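Some notes on the structure that comes next.
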Amino acid sequence: MWMSTLARVARPALQRGTSAMACQALRAGGRPRRPAGPLPYCLTLMQLRGQQTLGSAALPLARHSVRQVRALDEERIMEVEWEDGGHSLYPFTWLRDNCQCPLCTLESAQARKLLMSGLDINTGVDVVEVTNDNKVSIVWPDQHTSVFDAEWLKKRCFSDAARQAMQEELFINKRYYWDSKLHIPTADYQEVLHDDKAALAWLLALRRVGIVYLKGAPAELGQVARLAQRIGYLRLTFYGHTWQVQDKPMANNVAYTSGGLSLHSDYPALHFAPGVQFLHCISQAEEGGESEVVDGFHMAEQLQREDPEAFRTLSSLQVDFTDGGMDYCDFLLQSKKSIIDVSSTGRVERINFNNATRDSVLDVPLQQVQPFYRSLRAYVDIMNRPENVVTYRMMPGDIVTFDNWRLLHGRRPYVSKPDRLRQLEGAYLDWDEVMSRLRILRNSVHGNI
């Protein structure tokens with residue numbers, strides 16, 4: 001069994017407390033973003049069966065009971081007092097907008113039927129009360145009645161802590177940063193295909209750590225497609241549903257040569273680059289061909305700490321990328337992106353860097369050209385530090401799955417021989433499909449949290 005590694009990495013996705021999550025991160029050999037102190041790495045494989053981990057036991061969930069409710073008419077807010085002494089506030093308009101009755105919500109699709117044009121955004125309430133089965137009932141001025149489950153309300157509390165917890169539950173945004181000491185989380189290919197607990201642990205580790213290694217796949221074409229079916233479907237690109245990484249004459253991509261590949265993310269020339277990449281080793285070169293990866297988010301954090309001006313430049317300037325040729329069909333791509341995408345809250349969300357497809361067109365003011373090059377070189381130099389790079393050698397039957405929005409990957413040159421050709425089969429997925437399957441598996445394994 002390979003899954004204890006993944007379970008130990010992934011379990012914090014279901015923990016509610018920050019301190020508990022930090023402790024699990026340390027045990028898993030990673031760390032949450034922006035931590036203090038050194039990185040302890042101890043990702044080792046243990047038996048899963050019998051362990052109280054993500055793979056074998058659901059976490060107990062607290063139930064919340066309503067003590068009382070009252071309407072604050074002047075503020076147009078309903079206040080809920082919980083049995084544990086906590087309080088939550090809910091605007092009248094939001095409550096009316098989210099009425100769960102059959103007239104307002106299509107239950108089979110969990111979709112809103114109430115039209116915005118039919119919503120009174122200045123509504124008051126006539127009656128608010130707690131029902132005998134501990135639900136909250138509201139009678140509106142038009143005598144329409146809404147009834148809300150206590151757990152449903154509690155999860156949608158507008159406090160900062162509750163909103164953060166809900167966003168973490170929905171999107172699993174916390175990451176474990178790593179460097180060259182990382183022991184890549186590893187799972188068994190067949191278990192992932194056939195066991196929901198194994199598949200859930202795989203996807204949680206993929207989200208948290210950014211890379212997971214799968215062992216035991218047949219060394220034959222078609223395995224990345226099988227793995228993608230476990231999630232949903234493949235992302236079709238101009239290189240096809242799947243593609244073969246091997247030495248080709250008249251190569252239409254630098255990856256299709258035997259030369260080295262510098263650290264890069266795939267497809268920044270697309271406005272919406274694939275979020276996840278699979279690479280399956282069919283055969284390995286006799287000499288060379290080792291793979292290299294770095295944690296682009298961690299490298300961006302280091303850049304921001306060491307050279308804030310370079311970070312600001314790479315997260316603000318738009319860079320042109322291009323790609324063209326003939327494969328699945330003929331194509332000529334053009335896009336503009338920042339090297340480092342940052343959210344409105346300052347969180348690094350995506351790395352867009354491929355030196356091969358970075359265009360000679362540089363649409364920036366003249367005085368910003370040199371600062372751009374200086375900033376990009378600073379970021380690349382951090383990536384290439386030996387203490388930041390994880391190197392591994394794939395063997396036939398190995399599949400590496402990784403976050404293409406976060407990791408930068410490369411390859412050392414190899415010797416190509418007619419009787420020993422290196423061949424990898426690759427495929428892409430989008431994070432929307434991966435996160436959809438993760439949530440479904442989480443609900444299946446642990447119940448709807």
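The values are calculated or read from the model by the stated rules, or taken from the named source; none is laboratory data. Computed from a predicted model, the values in this text were never measured in an experiment. Note that we place each Cβ from the backbone using ideal geometry, even for glycine, and neighbour counts take in every protein chain shown. Quick note on the areas: whole protein, heavy atoms, side chains included, nothing else; ligands and nucleic acids left out. Shrake-Rupley method; radii C 1.70, N 1.55, O 1.52, S 1.80 Å.
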Segment Val147-Gln370, extension gain: residue separation times 0.36 nm, minus the distance between their alpha carbons: 74.1 nm
Residue-normalised accessible area of the chain, given per residue in Å² at a 1.4 Å probe: 46 Å²
Here are some pairs, Lys113/Lys135; Lys113/Lys337; Lys155/Lys337; which of them have Cα atoms lying more than 26 Å apart in this structure? Lys113/Lys337; Lys155/Lys337
Within-11-Å neighbourhood charge of Met394 [Cβ basis; K, R +1; D, E -1]: +2
Between helix 369-383 and the chain, what is the angle of the helix's C-alpha long axis to the longest principal axis, kept within 0 to 90° and rounded to the nearest 10? 90 degrees
Can you tell me the orientation of helix 196-209 relative to the chain, as the angle in degrees between its alpha-carbon axis and the longest Cα principal axis, to the nearest 10? 70 degrees
Using a Förster radius of 25 Å, what is the FRET efficiency between Thr131 and Gln167 based on their Cβ-Cβ separation? Nearest 0.05, please. 0.25
Report, as a whole number in µm² per second, the diffusion coefficient that Stokes-Einstein gives for segment 66-160 at 20 °C and 1.002 mPa s using the Kirkwood radius over alpha carbon pairs. 157 µm²/s
Cα-centre dipole for the chain with unit charges at Cβ (Lys and Arg positive, Asp and Glu negative), debye to 20: 1020 debye
Helix-only [θ] at 222 nm, the chain, -39500 (n - 2.57) per DSSP H run of 4+, per residue, nearest 500, equals -8000 deg cm²/dmol
For Gly240, enumerate residues with amide H under 5 Å from its amide H, sequence gap 5+ or separate chain, H modeled in the peptide plane. Tyr328
Report the accessible area of Arg230, computed with a 1.4 Å probe over the heavy atoms of all protein chains in place, in Å² rounded to the nearest 10. 50 Å²
Within the chain, what's the longest run with no GluC sites (Glu not before Pro) in a DSSP loop and at most 14 other beta-carbon atoms within 10 Å? Give the range, please. 288-449
Restricted to the chain, the DSSP antiparallel beta bridge percent, nearest 5, is 95 percent
Could you pull out every residue, at least 5 positions away or on a different chain, whose amide H is within less than 5 Å of the one on Ser180? Hs are placed 1.01 Å off N in the peptide plane, and Pro or chain starts have none. Asn388, Val389
Express the C-alpha Rg of the chain as a ratio against the empirical globular expectation 2.2 N^0.38 Å, rounded to two decimals. 1.12
Tally up the carbon and sulfur contribution to the accessible surface of the chain as a whole percent, 1.4 Å probe, everything protein left in place. 52 percent
Could you pull out every one of the lysines with an alpha carbon less than 23 Å from that of Lys197, ignoring same-chain neighbours closer than 8 positions? Lys174, Lys215
Which whole-angstrom value gives the distance between the alpha carbon centres of segment 295-363 and segment 194-216? 27 Å
Does anyone have the angle between helix 296-306 and the longest principal axis of the chain? Alpha-carbon axes, 0 to 90°, nearest 10? 90 degrees
For Phe353, what residues show an amide H to amide H distance below 5 Å, using hydrogens built from the backbone and excluding near sequence neighbours? Ser265
